[in-house]
Amino acid sequence: MEAKISNTNDKNNSYFAVIPNEILIKILNLLSTYDVLQFCEAYPTYEYFFGETAITNTINLSKKTGFKSVLSLSSIIKKFRIDCITVFNITYVYWVPAIEIRNCLKKMKNLEELHLIGTKVGLAVADCESFRSLKLKKLAVSVEDISNETQNPRAQYFPNIRSLCVQILSKKSYTFQFRLECIFSGLKDLEELWIYDISDSFPLNYDHLTYSTSNLKILAFKAKCATCATLRYRGLTKVFSNERTGGDVYYEKNFKTTNPRFEAESSAWKVLNELHAASPYGLNDAKKLYSQKKNINDIEFEELNFFHVRHSCCPRYLTAVQEMLLSENSRNLKKLTLTNCLFADESQETSDNPKKKKKYDYKELLSDENKLVNNLKALKELEIFVCPRHGGFKIYYFLQHLKNLTHLSLEIPGALNGEFLKLVFENCALLESLKINVVVSNESFNHDFCRYISSAKNLKTLRYEHYRISLETIFFSLSSLSIPKMERLFLKCTSVDNFGVMNLNKFLKKNDTLNFIMIIISSATADMRKTLTDELKSLKILLKRYS
């Protein structure tokens, strides 16, 4: 439904005229709010569907940028029956003014779920008054700080909340935790608490935060730095923690306290236990294991994470990881995180002359490697990080065989060229999101990246970080994409070569679907910033710039 449909005013000439309204309503109920808006815009005779409760009870515009240039939020809300809206989600709709959001919320008297993360509305008194409701059961909101406005307790505006998600953008003083505790203590029915702390200031104490929440069944938090002791005394079991992020933890009540990993029969699991490695499975898999819905010997994992620190890297660990990826448990894996040390490169020395290098053909896979690729054929998302101890290039040439990949995130070591990208773009036609971070300056990879990026068939999101970037070259390559579908572009560098805006202008005009672009140049001059800003403003695109 994202594609534009030719407008018609004759209902009888549409493809949907022969479909009963009851079926059309069920179809539209499965679509997002923005898709429903597009459908009714293309076929105005069906606008009466805006009055159907099954369609209008949920308004979901999360991360949707398409409507901002055509319709305002208030004009969209007017199309629907306000009294029927029970779920309102505008997560990361950051461009709508706070006053416009508040005015819309005041009209929604029957809201049960409200998602405001990444918007201009937070927990200020004026914001809380706009969504005051005894019916509100679920709330997700971002906060920069909780001011002491006339000592007004926030919990009085939504006292019956059962699930609360708070994204913390900044903490300006140590009284922030106390004010959060005051809010939580007023929510007597609170069962789920989700906290995402992206600030760099002092850590929160989660033991104290949850002390007054007597009915808490789920506690989850993600933070750069956190302090939290065991919550066994609250009946909460730590079900999941992510070693890579450090502060990504999930607790839930009514789970058994023994770790399911120790029941594994596989030798690979025994090695991970002996090395005290972090549990590699994701949150959904962890909940299945702890609730005993699945056994660790027969579960089919959805997500595995084998990111590890320097002291954890050893041949026993890598062999165990390979064994797990070759097992039946990984055949339906959807998301995987690895380091580039998993497969060592074969020796490139010739037998006749050890000093002479031979060219290694990375396209040829050994039998075990071929089994691994076949076992991971369902993989959708893959992350590869540079190992801080043992590196390798061979794993990057496995990517071409994973043809169902949609999201790919790579760290690139210093000596790796970008020849493998050509094979990736040729074979992975479903690839939509590509994130590349070149950890040290690598001109060979930079050259190959600009050379092959135009071969990407379905790329919508690109994030590229390198010490030095040629803006002219990279925008020339991006403007040569065979099927321009770019929606988000992020470029980050320290210095710039071949600075110019001719190819930037060409790229922007070709990619009319682009809704976000960010260029970070650490050493950018005032003239450089002004030139880029003027060029983007002329095309009505917002540039966030840092120097």
With just the Cα atoms defining each centre, how far is the stretch 157-231 from the stretch 64-139? Give it in Å. 23
Please state the charge dipole magnitude for the stretch 17-157, taken about the Cα centre, from unit charges on C-beta atoms (+1 on K and R, -1 on D and E), reported in debye and rounded to the nearest 20. 140
Between ASN103 and GLU426, what is the FRET efficiency for a Förster distance of 45 Å, r being their Cβ-Cβ separation, to the nearest 0.05? 0.30
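Averaging sequence separations of C-alpha pairs under 8 Å and six or more residues apart, then dividing by the length of the chain, give the relative contact order as a whole percent.
Across the chain, relative contact order equals 5 percent.
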Could you tell me which residue out of TYR157, ALA126, ILE168 lies farthest along the dipole of the stretch 97-190 toward its positive end? Charges go on the beta carbon: Lys and Arg +1, Asp and Glu -1, centred on the Cα centre. TYR157
Expected vector for the stretch 305-316, Karplus 3J(HN,Hα) from phi with 6.51, -1.76, 1.60 and θ = phi - 60°, integer Hz, x for Gly and Pro, equals 10, 10, 5, 8, 8, 4, 6, 8, 7, 7, x, 4
SER409-TYR174 pseudo-label distance in nm [points 7 Å out on the Cα-to-Cβ vector]: 3.4
Bin width 10 Å, origin at 0, all Cα-Cα pairs of the chain: what percent of pairs per bin? 3, 14, 21, 25, 23, 11, 2, 1, 0
What residues have an amide H closer than 5 Å to that of CYS165, excluding those fewer than 5 places away on the same chain, when H is modeled at 1.01 Å from N in the peptide plane? LEU139, ALA140, VAL141, TRP194
Check which residues have an amide H placed less than 5 Å from LEU204's amide H, if you skip close sequence neighbours. THR227
Charges at C-beta only: +1 for Lys and Arg, -1 for Asp and Glu. How large is the resulting dipole of the chain about its Cα centre, in Debye rounded to 20? 800
Per-residue ³J(HN,Hα) for the stretch 195-207, Karplus 6.51 cos²θ - 1.76 cosθ + 1.60, θ = phi - 60°, Hz, x for Gly and Pro: 10, 10, 9, 9, 7, 9, 7, 4, x, 8, 9, 6, 4
Note to self: C-alpha centroids of the stretch 416-479 and the stretch 482-539 sit apart, in Å, by 16
Of the trypsin sites (Lys or Arg not before Pro) in the stretch 153-222, those whose Cβ has at most 12 other Cβ within 10 Å and which sit in DSSP loop: LYS172
Any residue on another chain or 5+ positions along whose placed amide H is under 5 Å from the amide H of ASP497 is listed here as ILE469, SER470, LEU471
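Just so you know, all these numbers are worked out from the coordinates, no wet-lab data involved. From a predicted model like this one, the values you see are computed outputs, not experimental measurements. Positions of Cβ are generated from backbone atoms using ideal geometry, with glycine treated the same way; all protein chains shown enter the neighbour counts.
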